[in-house]
Structure formats: C-alpha cells, structure tokens
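Just below is one structure, and these are the notes that go with it.
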Amino acid sequence: MSELLEKIRKRRTFAIISHPDAGKTTLTEKLLLYGGAIHLAGSVKARKSNRHAVSDWMEIEKQRGISVTSSVLQFDYDGYRVNILDTPGHQDFSEDTYRTLMAADSAVMLIDAAKGVEPQTKKLFWVCHRRHLPIFTFVNKLDRYGRNPFDLMDELEQVLGIRAYPIDWPIGIDGNYKGVYNRMENTIQLFEEDGSHGAKQLKSTTGSLDDPKIKEMLGEELYENLVNDIELLDMAGDEFDMERVNKGELTPMFFGSAMTNFGVQSFLEKFLELSPEPQPRALQNGEIIDPANEKFSAFVFKIQANMNPAHRDRISFIRICSGKFEKGMTVYHKQSGKPIKLAQPQQFMAQERTIVEEAYPGDIIGLFDPGIFGIGDSLSDNSLKLQFEDFPVFPPEIFARVQPKDSLKRKQFEKGIIQLSQEGAIQVFKQEGVGMESYIVGVVGVLQLEVLEYRLKNEYSAQLVMNQLPYSVARWVYAEDKKAVENLKGLDNGMLVYDKKGRPVILVNNEWALNWILDRNPGIEFLTVPADVDQI
C-alpha cells in the first residue's frame, strides 16, 4: 500500500453539531483529554475561574460561555490523526457551521438526555442529511436525570426520520448510571466514581455480561433490567448495517456524560473504527476528486482574523482533499489565476500552534493569509487548476447602518469591516451616493451584531455607531437590461444596495413589499442568492 493511501486510512475529520448548551465544547475538550492533547480539562461550567474550554479562544466566548466561531483542533489517538471541527451551537452563527460541514466527512450529533432533539439540532441535522454525511449520535448528560433511552431512540426516528442502532446502552436509571454495555463486543464497562469532576480520565472495570464479578457489582435489579433491555433491542431494533450508516440512514448511538467523562473513551474508540476516512470531493463541473489522487488539492472553508491579538494575523483554514501537502509548496489559486507559495502552514490545538511540514487528505491546516484568500477558494497542483463546488450563501435577515464613532479611526474601522466580511462573519453592502464611511451590514442573527461591535473595538480599536434598519428581507436583483435595475420603481418601500462584488440587492420590510415592487417592475427577478452561487 502506498504511503498516501496509508495516511488517508488513518485520517478522521468530523464536525460536532448540537443545540446550544448540549455540551458540545465540553465533549470536544474531553476527546482532547483522552487523545493526550491536554492533561487536565478545564470545566466549561467554571467560567468565572481562569480555566475555559480549550476550543473557546476568543475573549467574548470566554465571557459569554458560548462558541461563536468554529474551532479546528487536531490530536492523535491509537494511530489515527483526528481533525475535530467544533462548531458554534448558537443559531445566530449557523452560517459558520454550514461552511464547516463542507469540510467534514462525518458528523457527531450531540443530544441532551433530558431535552432530546431540539430546534437547532433539527436544522443542522438536515444540512448533514442533504450532504449525505454519516451521523453518529452521542446522548450526553447521563450524570443527570434524563429521558428513557428507548424514548430518545423513538424521537430520532419520529422527528428526524433516521433509525438508530445503540452501540452502547446505559446501565442504571435516572441519572444514576453505573456504566455502559457494548452490544457489538458483548462487554460491560463500569465506571469508578472520582472527585475530579471530569478533569481526569475516568477509571473503569471491564468484563462480560455473564461475569460473576460484574453481576455482583451491578446488583440483581440493575442486572435484570439490562438483560431485558438487550433482549428488547435485539428483537425489535434494527440490524447494524454500515452501508446505511454511510448513507446517513442509520445512526450509531452512544450514551455518556462529557462532564464526568462517562462513556467518552468507548465512544471515541468505536467512532474512529466506524467513521469514514477522507471522502472524494465534488467539483463545480460535476466531477469528483479522489483523495488518493497524487496531485494536491484543497479548499478554503474558514478565515479567522486576529487569532493571535499580539500579531494581528489572519489565518485561512484549508481542507486538504487530495495528494500530499508540503511546507513551502507552490500551488495554483483558481480565484486569482496565480501561483501561490503556501508559507507558514500551521496546525492548531486551540491557540497552541505548530508549524506543519507535511499533511494529507482530511487534514485541516491554517495558512498565514495577507488578504488573498476568500471562503470557498480552490487551491491545486498547477496541472489540475480545478474549482470545487460553490459554498452555500444565505440571505441576511437583520440589517444595520454602521459608521465609525471617531472619523480619525476610519482606516481601522474600514479594515475591520472588510476583514470580518471576508471571514463570513457579516455581509457588507454599500449604498450608492453615500459616503465611504457608511456601510450597511447584514447578518442572520442579532448576536452577530454584538460580536461585530465587540471585535471592532477590541481587535481594531474602532468604536462604531450602529443604527438598525427596519428591513428583514434581502433579494439579489437580476435583469437582462441593466437600466431596469437603475430605474427600479417603488423604492420608497425599500432600499437598493450593492454587495461586495457590485451586485444589486434590494432590502425590504417583508414579502408583501417585495411583491409590490415586483409588480411594478416587469423584467426584474428577485433571487434569494446571487445567480452564480448555490444555496442550502
């Protein structure tokens, strides 16, 4: 087997998706703990102390206790190179999550044992489902009272339309769980109680179902309950079918507690065994590129400015799709049509960085970016010059006019606005005939405006004046005759602005106003995304 194929088989690249507060950042951190990447986990609950989850690196995340950007974390475990894409759970940042899913080969869906399937989980599940990503389910917070595991299985089928195959089954009742039974290996793992509150790896005892020592440790009632549950699962449950898992029709299900480390290691080991290696990627022309292709290719899926406040740097994250990456290599950048040397490549463990000498398909690396990359850009060997499929674009729903509070800080303000729009954190529009200092920003959720204000002040030393606009609908305006756009009638009910590529966009209060303008302008079309871009 070639070195490339061997490296591909040992790569796992996945995103963790969930509703806010399901424990996603905690689970990410505990996977790092078991992977040996960190030695003491900082409880996410203890936000008032100085220990914050390692994947929440932005100051505002530490203060608010939420993730607002996707973190990219790597570690090695049992011969595997694991790339975790920890995504924001808050719905105001779902755009960032959608883009991150473009770089994943599978997804871990985290569900709160007490709350079951929540609204944001549903949204993100459907994005994964449309992309045919294999989905692995981890039912979290078993250290507290939770719903019956059979009810949760039923909810996955009723609400999400996906069948579940529990790999692990919890032993115990109502937040008083002693361990998990592995159905595939017919083994029981009982956890010892410890006082570290999840800061250290949890010790456990492993044995078979008919082991007298295990029977004694469980007690008669718990043992009988477990035997009955297993019998019911074997009789009425689905058969395990890897083909259905890979199509996203069957989800392997695990139970545990990220906070106390209960069931985390058994989940990690089984997930690495069952989850897919790096998969082929779609090109714009409908063809695909195979990871085993010896020629290098990659795409940019995330841009983050100021990860290191001391250096005011900007990092573009790329997903390697084929071939081998080598530090200092020159590749073709499709969007500029120029060759680019990939200097200062880095891998991340939160804010800890290491320089990368080489990397392989599935790996995520950060490139120092002087401002040449955009989200969705394609990089490849000069002989390929390929273009990956377009990234989804979302029409914003909240708009505000922003300008610098101090006109002497105009340059810093403009730099911040432009960089944050390149990151995909905001969409920026300009109004014709209005001074350079004023921009219209569009976002999907109001929390994005708070983050914009915070980051401009703290990263660019520019305070802004923000006036929210009454519009909630944006549509790109398309017409064969460009003069029809310039002479648009009925704009007293809306506003015509231009996006960063100079394409006209109309902002209105509601769909009724949109139809009213449409009726008065024959030959005009309103599009939810630009004509040259795909959408979710």
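Residues to consider are Gln403, Gln427; find the one that is farther than 17 Å from Tyr460 by Cα, buried (at least 18 other Cβ atoms within 10 Å of the Cβ) and in contact with a Ser or Thr (Cβ under 7 Å, 6 or more places away or on another chain).
Gln427
Where residues in segment 27-59 are under 15 Å from the mean Cα position of the chain (by Cα) and not acidic (Asp, Glu), which of them is modelled with the highest pLDDT?
By that ranking, first place goes to Leu27.
For Trp512, are the conditions met, namely being part of a helix (DSSP H, G or I) and hydrophobic (A, V, I, L, M, F, W, C)?
The answer is yes for Trp512.
Among the residues of segment 404-424, is any without any contact (Cβ under 8 Å) to a residue 12 or more places away in the chain and under 30 Å from Tyr332 (Cα atoms)? Spell out the reasoning first.
First, the residues of segment 404-424 that are without any contact (Cβ under 8 Å) to a residue 12 or more places away in the chain: 408, 411, 418.
From the residues that got through so far, the ones that are under 30 Å from Tyr332 (Cα atoms) too are 418.
The answer is yes, given that some residue of segment 404-424 is without any contact (Cβ under 8 Å) to a residue 12 or more places away in the chain and under 30 Å from Tyr332 (Cα atoms).
Give just the number: which of (1) farther than 30 Å from Gln284 by Cα; (2) surrounded by 14 or more Cβ atoms within 10 Å (Cβ to Cβ); (3) of a type in the set (Gly, Ala, Ser) does Ala474 not satisfy?
So Ala474 meets the others, but not (1).
Can you tell me how many residues within segment 216-230 are free of Cβ contacts under 8 Å to residues at least 60 places away in the same chain and surrounded by 16 or more Cβ atoms within 10 Å (Cβ to Cβ)? Give the derivation first.
Just the residues of segment 216-230 that are free of Cβ contacts under 8 Å to residues at least 60 places away in the same chain, to begin with: 216-228.
Checking the rest, the ones that are also surrounded by 16 or more Cβ atoms within 10 Å (Cβ to Cβ) come to 217-218, 222-223, 226.
Residues flagged as free of Cβ contacts under 8 Å to residues at least 60 places away in the same chain and surrounded by 16 or more Cβ atoms within 10 Å (Cβ to Cβ) within segment 216-230 amount to 5.
Could you tell me which of the residues Ser316, Ser322 is modelled with pLDDT of 95 or more, closer than 18 Å to Gly362 by Cα and either open to solvent by less than 60 Å² (accessible area, probe 1.4 Å) or more than 23 Å from the chain's Cα centre (by Cα) (or both)?
That would be Ser322, the only listed residue that is modelled with pLDDT of 95 or more, closer than 18 Å to Gly362 by Cα and either open to solvent by less than 60 Å² (accessible area, probe 1.4 Å) or more than 23 Å from the chain's Cα centre (by Cα) (or both).
Looking at segment 244-285, which of its residues are assigned to a strand (DSSP E or B), more than 15 Å from Arg12 (Cβ to Cβ) and not hydrophobic (A, V, I, L, M, F, W, C)?
Thr251, Ser257, Arg281
Give the residue, chosen from Leu452, Leu447, that is without any contact (Cβ under 8 Å) to a residue 60 or more places away in the chain, more than 17 Å from Gly371 (Cβ to Cβ) and either open to solvent by 50 Å² or more (accessible area, probe 1.4 Å) or not aromatic (Phe, Trp, Tyr) (or both).
Exactly one of Leu452, Leu447 is without any contact (Cβ under 8 Å) to a residue 60 or more places away in the chain, more than 17 Å from Gly371 (Cβ to Cβ) and either open to solvent by 50 Å² or more (accessible area, probe 1.4 Å) or not aromatic (Phe, Trp, Tyr) (or both), namely Leu452.
Have a look at Phe413, Phe429 and point out the one that is at pLDDT 85 or above, in a strand (DSSP E or B) and within 25 Å of Pro470 (Cβ to Cβ).
Only one candidate passes the filter, namely Phe429.
The values are calculated or read from the model by the stated rules, or taken from the named source; none is laboratory data. Everything quoted here is computed from the prediction, not taken from an experiment. Ideal geometry is used to build each Cβ from the backbone, glycine not excepted, and the neighbour counts take in all protein chains shown. These area figures cover heavy atoms from the full protein model, side chains too; ligands, DNA and RNA do not enter into them. Shrake-Rupley method; radii C 1.70, N 1.55, O 1.52, S 1.80 Å.
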